[in-house]
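Before any comments, here is the structure.
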Amino acid sequence: MLEINLYPATIPTADYFCKVEKISKIDEQFKEGQKLEAVDPLEMSRICPATIGKVLKDGYFMLSIDGSSVEDGSDWFCYHSSSRLIFPINFCKINKIPLSPPIGYHGDFQWDKYLLETNSVYAPKDLFQIIKKKIINPFSVGMKIEAVDMMAPHLVCVATIAELADSLIRVRFDGWGEDFEQWIDCQSPNIYPIGWCELVGYKLEPPKPPEQENSGSIIFHCKNIEQSMEY
């Protein structure tokens with residue numbers, strides 16, 4: 001237990017912060033080595049096989065994306081078990097959306113085969129928030145929204161809902177290709193109705209002009225400072 005009296009009043013104590021869901025029973029916890037599916041935090045257009053690398057306290061754990069992790073765990077990501085961006089195996093198959101196989105994996109990816117090849121076990125589906133707490137996804141494909149670019153979160157962009165899967169929506173930033181799309185939950189606080197930026201007085205990033213898509217340059221994904229490398 002922290003001795004909070006040792007800290008100055010300018011440092012907030014634990015009761016200031018939102019309480020995460022308590023995980024009390026051992027059989028309701030994720031375990032090290034379990035396999036699952038997860039949105040790749042560095043390439044959010046992809047949902048990939050992933051592995052729990054280390055279990056922390058209070059429902060937190062470290063997760064690695066299969067095929068792109070390093071042995072020392074320096075590229076792991078911290079998740080809480082309440083995240084709606086992690087899924088049981090075969091989530092993508094059931095919802096008829098692509099699952100990106102591990103980098104360097106050869107052949108047709110099938111979970112049964114992969115678990116045998118890696119001598120692994122899967123995380124039980126009743127551990128996942130997206131299974132335990134079903135919500136109605138109110139959106140439809142083609143709807144226009146304003147959305148935070150999670151790869152550059154100071155940007156709010158004109159966007160279109162490109163696909164639905166359970167409570168997920170696939171956000172397409174208008175004028176940008178499929179590689180820049182992002183899977184997020186429909187209850188994410190990072191999507192807004194049209195007019196939100198004008199209402200709060202924040203800049204809305206317009207769609208990328210079509211002529212930029214076919215220019216003789218390689219456009220890097222940095223919407224506020226676009227850099228190009230001529231052929």
If you look at just the Cα atoms of the stretch 110-203, how large are its Rg and its Dmax in Å?
16.8, 54
Counting other beta carbons within 10 Å of each Cβ, put 106, 80, 154 in order, fewest first.
106, 154, 80
So for the stretch 13-132, what percent of the C-alpha to C-alpha distances run longer than 22 Å?
32
Taking N as the number of residues in the stretch 72-157, what is its Cα Rg relative to 2.2 N^0.38 Å?
1.37
Rank the residues 56, 127 as a footprinting-exposure proxy: fewest other Cβ atoms within 10 Å of their Cβ go first.
56, 127
Could you calculate the contour length gain from residue 179 to residue 94, that is, 0.36 nm times the residue separation minus the distance between their Cα atoms, to one decimal place in nm?
28.3 nm
Roughly how many nanometres apart are two label points built 7 Å out from the Cα toward the Cβ at residue 150 and residue 10?
3.4
Over the stretch 139-193: Rg over Rh, Cα atoms, Kirkwood Rh:
0.90
Quick calc, residue 164 & residue 197: beta-carbon distance into FRET formula, R0 25 Å, rounding 0.05, result 0.55
Mind scanning 54/133; 144/203; 31/132; 57/93; 35/132 and naming the pairs with a C-alpha gap bigger than 20 Å?
54/133; 57/93
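Values quoted throughout were computed directly from the atomic coordinates according to the rules given, and no laboratory measurement underlies them. Because the structure is a prediction, the values reported are computed rather than measured. Note: ideal-geometry Cβ built from the backbone for every residue, glycine included; neighbour counts use all protein chains shown.
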